[in-house]
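Below is one structure, written out as structure tokens; comments come after it.
The values are calculated or read from the model by the stated rules, or taken from the named source; none is laboratory data. Predicted model only: the values in this text are computed from it and were never measured. Don't worry about glycine lacking a Cβ; one is built from the backbone with ideal geometry, like all the others, and counts go over all protein chains shown.
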Amino acid sequence: EVSPRLKLTARETLVALENVEACLASLSDAKIRHLALSALERMHRKVTVEGLIDVVENTQDDSLRFDALMALSRLHFQEKPWDRVSWWGTRPDDRGPYFEMIEWFLSKTIRRALENGFTKIPEDQQGAYLEGLAKNRIPVSELKLEGLDPVLAALGSLELTDSQVTLLVGAAKDSQRKLQQRLECYRALIRDTENRRTKARVEVLASWMNESNPPKGTAQRIDDFVNEAQRGLEIKLLREIASEGTDAESRIAWRALLTLLSSPLTKDQWVKQVTKMVEENPREIGFFLALADLKLSGFDQQIQIGLNSDNDDLIHAAEKAQTEVATSISVGKKVFELPLQEVFEGAMQGHGDPAYGKQLFTRVGCVACHATSMDAEQK
């Protein structure tokens with residue numbers, strides 16, 4: 001395994017040398033192709049663009065053609081020279097490779113190549129192709145792409161219209177579509193504006209939850225949604241979804257609300273908002289299913305009211321919550337509920353699962369600043 005730092009140094013060295021011809025010649029070797037392309041897509045030169053276009057038009061290797069087009073898409077814009085006034089924040093920005101992008105004299109040539117290249121991309125790769133264009137902030141709606149599926153057009157849009165959101169939600173829920181495209185549609189919704197995005201994502205996740213064979217990773221995607229930091233800013237919206245949505249949608253919305261309520265990191269004003277909602281004794285099935293999912297104690301009054309209901313489905317949901325909570329209580333408490341000394345002793349004497357810890361470490365973003373072991377490259 002080659003050190004990431006060594007890979008980065010190699011790439012930056014190739015870029016500094018600007019030996020475009022050598023990098024283009026290396027594309028025939030699959031072992032070093034990725035390194036050569038990562039250097040080429042950072043060399044804004046005419047010979048680079050012409051060389052990559054030649055690869056796209058003449059190669060018989062679909063994988064190489066796709067990668068060459070992606071390199072061209074990154075070359076479509078370049079960084080605007082710094083005006084020595086504006087400043088960049090440290091907050092992560094997933095909008096593309098440039099802080100402030102501008103076109104250059106070969107942008108139109110690249111755009112035509114991207115349009116022509118679309119017809120050469122296998123159908124099962126077209127979604128990924130458009131997603132790549134969107135990541136490089138190329139407005140797909142302005143490209144002339146022959147025979148473009150409206151769903152694929154939505155996948156490549158930087159800003160979604162209402163009709164495109166509807167298309168993406170429908171496609172993501174369609175179990176007859178290929179799994180990869182369904183996942184791409186869901187990821188595209190994350191780029192949308194906050195309110196529509198949240199409602200649309202809950203609708204898709206709830207639909208997947210109800211499938212007899214849910215898409216792989218559904219549970220993890222629900223957990224990721226529930227634990228995203230912006231949920232605290234959407235309490236009113238989540239309550240609306242919980243009361244007006246399907247049982248599955250309500251379940252996800254209540255999981256987010258109850259997670260806010262039970263987390264020791266939640267802001268006081270958010271805790272007060274959710275506490276008030278709970279004290280109103282919700283009668284949604286989703287509320288009790290969320291309690292069962294999270295195994296949260298301290299909601300005996302609400303569960304008892306559910307058990308006394310005249311709605312069979314509500315009673316069953318309340319019974320499930322009561323059973324799961326009782327099981328949780330018999331197992332033990334959460335870390336933040338324990339005395340400090342007990343937590344310290346458990347941390348010093350216990351043994352965790354390093355492999356799972358590494359997954360969590362990467363998933364929640366710690367890896368952005370820290371390495372996963374003392375032997376790894378430090379940042």
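Okay, here's what the table says:
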{"item": "Residues located in segment 109-154, provided they are under 23 Å from the mean Cα position of the chain (by Cα) and among the small types (Gly, Ala, Ser)", "result": "Gly127, Ala128, Gly132, Ala134, Ser141, Ala153, Ala154"}
{"item": "Options Ala206, Ala171, Ala242; residue that is over 19 Å from Phe287 (Cα atoms) and crowded, with 21+ Cβ neighbours inside 10 Å", "result": "Ala171"}
{"item": "Close pairs (7 angstrom Cβ cut-off, 6 or more residues apart or separate chains): under 16 Å from Ile121 (Cα atoms) and part of a loop (DSSP other than H, G, I, E, B) in segment 131-151, acidic (Asp, Glu) and at pLDDT 85 or above anywhere", "result": "Leu143/Glu115; Lys144/Glu115; Leu145/Glu115"}
{"item": "Matching helices (runs of 4 or more DSSP H) fully within segment 245-305 where at least 2 residues are crowded, with 23+ Cβ neighbours inside 10 Å", "result": "247-262, 285-294"}
{"item": "Index of the failed condition, Arg74 passing every other in (1) of a type in the set (Lys, Arg); (2) modelled with pLDDT of 95 or more; (3) surrounded by fewer than 22 Cβ atoms within 10 Å (Cβ to Cβ)", "result": "(3)"}
{"item": "Hey, Thr9 assigned by TED's automatic domain parsing to the domain that holds Ser107, surrounded by fewer than 13 Cβ atoms within 10 Å (Cβ to Cβ) and either among the polar types (S, T, N, Q) or closer than 22 Å to Val140 by Cβ (or both) or not", "result": "yes"}
{"item": "One residue from Ser107, Ser63 being exposed (fewer than 13 other Cβ atoms within 10 Å of the Cβ) and assigned by TED's automatic domain parsing to the domain that holds Ala134", "result": "Ser63"}
{"item": "Residue in segment 213-222 that is surrounded by 13 or more Cβ atoms within 10 Å (Cβ to Cβ), in a helix (DSSP H, G or I), polar (S, T, N, Q) and within 19 Å of the chain's Cα centre (by Cα) present", "result": "yes"}
